[in-house]
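A.B. asks: Below are the structure tokens for one structure; questions will follow.
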Amino acid sequence: MTIDTELKPHESIPKADKPVLVCILDGWGENENKDKFNAIHSAETPVTDALKDVPGRWRTVRAHGTAVGLPSDADMGNSEVGHNALGSGQVIDQGARLVDIALEDGSAFELDGWKYISESFPENTVHFIGLLSDGGVHSRTDQLVGFMKGAAKNGAKRIRVHILTDGRDVPDGTSKQFVEQLEKDMTELSGCDAKIASGGGRMHVTMDRYEADWKIVERGWHAHVLGEAPHKFTSALEAIKTLREGDGSKTITDQWLPPFVITDDEGKAVGTIEDGDAVVLFNFRADRMVEISKAFEYEDFNAFDRKRFPKTRFVGMMQYDGDLKLPARFLVPPPAISGVSGELLAKGGVSTFACSETQKFGHVTFFWNGNRSGYFKEELETYVEIPSDAVPFNEAPDMKAREITEAGKEALLSGKYQMVRINFANPDMVGHTGDLDACVGACSLVDKCVKDLLDTVESLGGRWLLTADHGNADDMVQRAKKTNAPLFADDGSTPLPLTSHTLAPVPVAIGGPGLPEGIKFRDDLPNAGLANITGTYLNLLGFATPAHMEPSLI
Ligand SMILES: O=C(O)[C@@H](CO)OP(=O)(O)O
Ligand SMILES: [Mn+2]
Ligand SMILES: [Mn+2]
């Protein structure tokens with residue numbers, strides 16, 4: 001594929017002389033289930049509702065599965081693949097798929113990363129650290145098992161797995177099944193002593209992102225590397241069962257389990273990480289692996305006191321950050337994403353502003369720019385991060401929506417930027433807590449914030465595009481596969497919360513006084529996906545859709 005390196009003027013839409021707003025509602029799907037468990041449907045959303053009535057300027061696009069480069073249409077969308085698609089205009093084979101292919105054709109076992117860790121097989125331990133579920137957003141257990149089998153077959157004598165329990169991309173409580181299955185799979189590795197060594201819940205241990213809270217990573221380092229944690233058990237199943245009970249007053253969900261270490265009968269940790277060991281981070285997705293990668297790779301490191309810094313053979317499932325070349329070694333090469341809109345706009349001299357709160361900051365910058373942590377032309381790009389609260393977000397469901405709105409308005413009114421892009425985290429982050437009431441409130445607030453932003457664009461005579469990256473808040477209950485009926489706990493009255501993203505398509509709407517009247521969505525792209533949105537906002541800026549991108553919706 002040839003990549004257009006320059007933007008050309010659109011043939012009929014004049015160059016925007018007022019700012020263009022691109023607003024992303026993270027986790028805001030257009031779901032067919034329109035009962036009370038659809039938090040968006042249950043919320044007060046007059047502004048986003050009214051957009052549906054504008055002929056030719058509202059539609060939905062696909063945001064999951066093969067439309068965003070995932071292995072199958074059973075895969076829900078997520079922020080990484082969603083923002084990659086929105087920023088690049090391309091459907092790229094994503095990490096999940098690339099690892100599948102490399103395992104299937106065996107190439108994973110011929111690449112440099114594998115050769116490197118193989119040196120630890122005969123004498124040292126191979127450690128696998130990652131998210132233990134089949135959610136397919138960050139990792140998949142079948143891929144973990146594929147690599148463990150490969151290691152055992154190639155002479156690895158000792159394997160230790162450090163598990164991060166999920167309950168976010170999969171239902172809460174399923175960590176037990178995943179541990180049982182893993183233990184079964186480990187007994188089948190012949191000639192190899194394989195055990196679970198430590199763990200903790202993904203939101204509390206190791207998997208922080210965008211430096212929201214390094215303590216999370218520190219807890220993981222202590223448990224995985226040093227073998228230190230406030231809770232010690234002789235089995236992972238016992239760890240999960242006991243820790244879920246919390247202090248007895250309220251269960252702790254899989255996502256939030258405290259760190260734990262598995263010990264032998266003498267109380268000694270079964271799998272500390274030592275000089276000469278190999279360490280594999282088995283998540284393919286980048287954002288929540290960058291910090292722990294730095295802790296393993298950087299000599300010079302001061303985010304927390306590591307106490308001990310073992311010299312390991314360290315690899316990521318992929319290279320997580322192309323700019324930082326982090327980690328230096330990896331099992332499978334990451335998707336190569338080029339010709340992204342940010343780069344073309346910078347090259348064309350277009351000034352852009354991007355803003356979200358910490359939890360989504362890298363989504364509108366790093367993922368948007370094809371997993372690059374730097375700038376294309378710093379003098380043209382302003383990135384603003386509003387610090388997120390470090391709490392479970394159902395306790396503070398407004399998050400930083402108001403502050404983000406203010407920052408967006410200020411950027412629009414400043415006259416400094418031709419394009420302003422904003423991400424509202426609430427529908428996604430509050431959706432992940434499974435707390436329906438909190439999520440309804442969050443969605444109502446986001447609708448108000450959208451009004452503020454659209455009013456600002458209107459007052460300036462600009463143009464805007466509103467969309468989302470995948471579903472989440474649009475369904476907050478687990479449902480029966482065949483009938484779609486909501487599922488309840490054994491007591492029959494407590495709904496079983498759905499904490500994950502959904503497969504729903506997402507809305508996309510355009511408007512603004514600066515948009516020529518006849519501009520409408522075409523009707524010959526019924527299967528369009530997120531990647532078709534890139535050409536669309538480039539059109540709003542007055543540029544033609546580059547040839548390497550999916551066609552514009554206009
Ligand atoms: O929180 C996350 O890491 C994922 C879900 O696993 O959500 P998102 O893709 O919206 O960032
Ligand atoms: Mn998202
Ligand atoms: Mn999410």
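The values are calculated or read from the model by the stated rules, or taken from the named source; none is laboratory data. Since we're looking at a predicted model, the values are computed, not measured. Please note: Cβ atoms are built from the backbone with ideal geometry, for glycine as well, and neighbour counts cover all protein chains shown. Quick note on the areas: whole protein, heavy atoms, side chains included, nothing else; ligands and nucleic acids left out. Shrake-Rupley method; radii C 1.70, N 1.55, O 1.52, S 1.80 Å.
A.B. asks: Any residue at all in segment 187-198 that's in contact with a Cys (Cβ under 7 Å, 6 or more places away or on another chain), within 20 Å of Phe282 (Cα to Cα) and either modelled with pLDDT of 95 or more or open to solvent by 10 Å² or more (accessible area, probe 1.4 Å) (or both)? Reasoning before the result, please.
C.D. replies: Initially, segment 187-198 is screened for residues in contact with a Cys (Cβ under 7 Å, 6 or more places away or on another chain), giving none.
No, because not a single residue in segment 187-198 is in contact with a Cys (Cβ under 7 Å, 6 or more places away or on another chain), within 20 Å of Phe282 (Cα to Cα) and either modelled with pLDDT of 95 or more or open to solvent by 10 Å² or more (accessible area, probe 1.4 Å) (or both).
A.B. asks: Let me ask you something else. Could you look through segment 63-79, keep only residues that are open to solvent by 10 Å² or more (accessible area, probe 1.4 Å) and within 12 Å of ligand 2 (Cβ to nearest atom), and pick out the one that is farthest from Trp368 (Cα to Cα)? Give the steps one after another, and end with the answer.
C.D. replies: Step one: filter segment 63-79 for residues open to solvent by 10 Å² or more (accessible area, probe 1.4 Å), giving 64, 66-67, 71-76.
Now restrict to residues that are within 12 Å of ligand 2 (Cβ to nearest atom): 64, 76.
On the way: His64: 17, Met76: 19 Å.
Restricting to residues being open to solvent by 10 Å² or more (accessible area, probe 1.4 Å) and within 12 Å of ligand 2 (Cβ to nearest atom), the top hit is Met76.
A.B. asks: Can you report the number of residues in segment 255-280 which are in a strand (DSSP E or B) and more than 19 Å from Lys215 (Cα to Cα)?
C.D. replies: The initial filter retains those residues of segment 255-280 that are in a strand (DSSP E or B), namely 260-263, 269, 278-280.
Now restrict to residues that are more than 19 Å from Lys215 (Cα to Cα): 262-263, 269, 278-280.
Summing the residues that are in a strand (DSSP E or B) and more than 19 Å from Lys215 (Cα to Cα) in segment 255-280 gives 6.
A.B. asks: Pairs please, first residue from segment 21-46 and under 19 Å from Leu503 (Cα atoms), second anywhere and basic (Lys, Arg) and within 15 Å of ligand 2 (Cβ to nearest atom), Cβ atoms under 8 Å, 6+ apart in sequence or on different chains.
C.D. replies: If the second residue must be basic (Lys, Arg) and within 15 Å of ligand 2 (Cβ to nearest atom), the pairs left are Ile24/Arg421; Asp26/Lys360.
A.B. asks: While we're on this one: Given the criteria polar (S, T, N, Q) and in contact with a helix residue (DSSP H, G or I) (Cβ under 8 Å, 6 or more places away or on another chain), does Thr456 qualify? Break it down into steps so the answer makes sense when it comes.
C.D. replies: Working: polar (S, T, N, Q): yes; in contact with a helix residue (DSSP H, G or I) (Cβ under 8 Å, 6 or more places away or on another chain): yes.
In short, yes.
A.B. asks: Sticking with this structure for a sec: Working carefully through the options Asp398, Asp428, Asp437, find the one that is within 14 Å of ligand 2 (Cβ to nearest atom), among the charged types (D, E, K, R) and out of contact with any strand residue (DSSP E or B) (no Cβ under 8 Å at 6 or more places or on another chain).
C.D. replies: On the way: Asp398 fails: within 14 Å of ligand 2 (Cβ to nearest atom); Asp437 fails: within 14 Å of ligand 2 (Cβ to nearest atom).
Exactly one residue qualifies, and that residue is Asp428.
A.B. asks: Can you say whether Ala473 is out of contact with any Leu (no Cβ under 7 Å at 6 or more places or on another chain), within 16 Å of ligand 3 (Cβ to nearest atom) and small (Gly, Ala, Ser), as far as the supplied structure shows? Can you show your working first?
C.D. replies: On the way: out of contact with any Leu (no Cβ under 7 Å at 6 or more places or on another chain): yes; within 16 Å of ligand 3 (Cβ to nearest atom): yes; small (Gly, Ala, Ser): yes.
Criteria met by Ala473.
A.B. asks: Where the second residue is within 14 Å of ligand 1 (Cβ to nearest atom) and open to solvent by 10 Å² or more (accessible area, probe 1.4 Å) and the first is over 21 Å from Thr405 (Cα atoms) and of a type in the set (A, V, I, L, M) and lies in segment 466-480, which pairs have Cβ atoms under 6 Å and are six or more apart or on separate chains?
C.D. replies: Met476/Leu498; Val477/Leu498
A.B. asks: If you don't mind, another one. Pick out the one residue from Gly339, Gly348 that is surrounded by fewer than 21 Cβ atoms within 10 Å (Cβ to Cβ), more than 17 Å from Asp469 (Cβ to Cβ), over 22 Å from the mean Cα position of the chain (by Cα) and touching a residue at least 24 places away in the same chain (Cβ under 8 Å).
C.D. replies: Details: Gly339 fails: over 22 Å from the mean Cα position of the chain (by Cα).
Just a single option satisfies the conditions, and that option is Gly348.
A.B. asks: Go through segment 451-466 and give me each residue that's crowded, with 24+ Cβ neighbours inside 10 Å and of a type in the set (Val, Ile, Thr).
C.D. replies: Hit for segment 451-466 is Val457, nothing else.
A.B. asks: Another question, then. Looking only at segment 262-287, which residues are of a type in the set (D, E, K, R) and in contact with a strand residue (DSSP E or B) (Cβ under 8 Å, 6 or more places away or on another chain)?
C.D. replies: Step one: list which residues in segment 262-287 are of a type in the set (D, E, K, R), which gives 264-266, 268, 274-275, 277, 285, 287.
Matches in segment 262-287: Glu274, Asp277.
A.B. asks: Continuing with the same structure: Within segment 80-89, identify whether any single residue is more than 16 Å from ligand 1 (Cβ to nearest atom) and either surrounded by fewer than 24 Cβ atoms within 10 Å (Cβ to Cβ) or under 19 Å from the mean Cα position of the chain (by Cα) (or both), and answer yes or no.
C.D. replies: Narrowing segment 80-89 to residues more than 16 Å from ligand 1 (Cβ to nearest atom): 88-89.
Those left that are additionally either surrounded by fewer than 24 Cβ atoms within 10 Å (Cβ to Cβ) or under 19 Å from the mean Cα position of the chain (by Cα) (or both): 88-89.
Checked segment 80-89: at least one residue is more than 16 Å from ligand 1 (Cβ to nearest atom) and either surrounded by fewer than 24 Cβ atoms within 10 Å (Cβ to Cβ) or under 19 Å from the mean Cα position of the chain (by Cα) (or both).
A.B. asks: On to the next question. Can you name every residue in segment 102-123 that is open to solvent by 10 Å² or more (accessible area, probe 1.4 Å) and either in contact with an Asp or Glu (Cβ under 8 Å, 6 or more places away or on another chain) or not hydrophobic (A, V, I, L, M, F, W, C) (or both)?
C.D. replies: Answer for segment 102-123, where residues must be open to solvent by 10 Å² or more (accessible area, probe 1.4 Å) and either in contact with an Asp or Glu (Cβ under 8 Å, 6 or more places away or on another chain) or not hydrophobic (A, V, I, L, M, F, W, C) (or both): Glu104, Asp105, Gly106, Ser107, Glu110, Asp112, Lys115, Tyr116, Ser118, Glu119, Pro122, Glu123.
A.B. asks: When segment 351-390 is examined, which residues are found to be within 20 Å of the chain's Cα centre (by Cα) and free of Cβ contacts under 8 Å to residues at least 24 places away in the same chain?
C.D. replies: The initial filter retains those residues of segment 351-390 that are within 20 Å of the chain's Cα centre (by Cα), namely 354-374, 383-390.
Thr365, Asp389, listed by residue number.
A.B. asks: Another question, then. Evaluate segment 491-503: report whether one residue or more is at positive phi and at pLDDT 95 or above. Steps first, please.
C.D. replies: Our first condition is that a residue be at positive phi; within segment 491-503, this holds for 492.
Going one step further and asking which of them are at pLDDT 95 or above, we end up with none.
No, the conditions are met nowhere in segment 491-503.
A.B. asks: With the structure loaded, tell me whether Pro397 is touching a Gly at 6+ places or on another chain (Cβ under 6 Å) and over 30 Å from Gly113 (Cβ atoms) or whether it fails that test.
C.D. replies: Numbers: touching a Gly at 6+ places or on another chain (Cβ under 6 Å): yes; over 30 Å from Gly113 (Cβ atoms): yes.
Taking the combined requirement at face value, the residue satisfies it.
A.B. asks: Could you list all residues from segment 478-511 that are buried (at least 20 other Cβ atoms within 10 Å of the Cβ), of a type in the set (A, V, I, L, M) and away from ligand 3 (no atom under 16 Å from the Cβ)?
C.D. replies: Once the filter is applied, which keeps residues that are buried (at least 20 other Cβ atoms within 10 Å of the Cβ), of a type in the set (A, V, I, L, M) and away from ligand 3 (no atom under 16 Å from the Cβ), segment 478-511 yields Val508, Ala509, Ile510.
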